[in-house]
Amino acid sequence: MSKRELRKVFKEKRKSLSAAERAKLDDLMLIQFQTVDLPFIYSLLTYWPMEYHSEPNTHLFTDYIEFRNPELKIAYPRIELTGDKMVAILIDKETAFRKNSFGTYEPENTETIRPDAFDMVFVPLLAIDMNGYRVGYGKGFYDRFLADCCEDCLKVGFSYFEPVEQISDKHEFDVPLNLCITPQSVYVF
């Protein structure tokens with residue numbers, strides 16, 4: 001299937017899940033994530049889940065990584081529309097967030113972290129294939145950001161659904177993930 005077709009199908013599949021079903025699936029994904037033999041993570045780029053897109057609760061997974069390393073540097077993305085790019089903003093316990101024009105929450109802090117400084121990046125997705133290529137929301141912000149991450153940065157996605165066999169129209173600039181966590185499995189690419 002094409003990205004466009006997958007985007008439509010998986011948006012509908014996610015919206016069909018009740019809040020209770022999603023909470024259960026989030027818990028199952030956290031259990032799967034905890035089985036992964038991860039290296040020590042010093043810096044993490046995560047993201048605020050969009051409720052209106054019924055995204056997995058990334059706060060659970062971020063809290064788990066922070067529990068493993070209380071000194072963890074955590075950043076959230078901010079979209080810079082003037083440069084049509086995404087930057088990573090360092091946060092702390094006092095950080096305020098505001099909703100941007102896409103409806104996602106972004107930190108109001110200003111201290112940025114370069115892409116090559118991250119050990120792990122949580123990457124939003126609607127669907128993923130068996131080669132680690134994902135279907136996002138179609139703007140390309142994450143692929144451009146991930147292209148500048150260091151080679152050993154772990155790129156992790158979370159999906160309520162199992163991977164599809166193949167995305168028919170992947171682009172040469174698409175960056176595959178290293179791991180995808182589903183309620184039933186951990187996929188390593």
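The values are calculated or read from the model by the stated rules, or taken from the named source; none is laboratory data. Because the structure is predicted, anything quoted here is derived from the model rather than measured. Positions of Cβ are generated from backbone atoms using ideal geometry, with glycine treated the same way; all protein chains shown enter the neighbour counts.
Assorted remarks:
- The one condition from (1) out of contact with any strand residue (DSSP E or B) (no Cβ under 9 Å at 6 or more places or on another chain); (2) without any contact (Cβ under 8 Å) to a residue 24 or more places away in the chain that Ala23 does not meet is (2).
- Note on region 172-186: among residues that are touching a helix residue (DSSP H, G or I) at 6+ places or on another chain (Cβ under 8 Å) and of a type outside the set (Val, Ile, Thr), the one that is nearest to Ala19 (Cα to Cα) is Pro183.
- Which listed residue, of Pro70, Pro56, Pro39, is surrounded by fewer than 13 Cβ atoms within 10 Å (Cβ to Cβ), more than 22 Å from Cys150 (Cα to Cα) and of a type outside the set (D, E, K, R): Pro70
- Of all residues in region 88-103, those that are of a type in the set (Phe, Trp, Tyr) have Cβ atoms under 9 Å from Cβ atoms of residues that are surrounded by 10 or more Cβ atoms within 10 Å (Cβ to Cβ) and part of a strand (DSSP E or B), 6 or more apart or on another chain, in Phe97/Tyr76; Phe97/Tyr105; Phe97/Glu106; Phe97/Pro107; Phe102/Ile79.
- Of the set (1) at pLDDT below 95; (2) farther than 20 Å from Cys153 by Cα, all apply to Lys85 but (2).
- Residue within region 90-105 that is at pLDDT 95 or above and either buried (at least 21 other Cβ atoms within 10 Å of the Cβ) or of a type in the set (Lys, Arg) (or both) present: no
- Filter result for Phe122 (in contact with a Cys (Cβ under 6 Å, 6 or more places away or on another chain) and buried (at least 16 other Cβ atoms within 10 Å of the Cβ)): no
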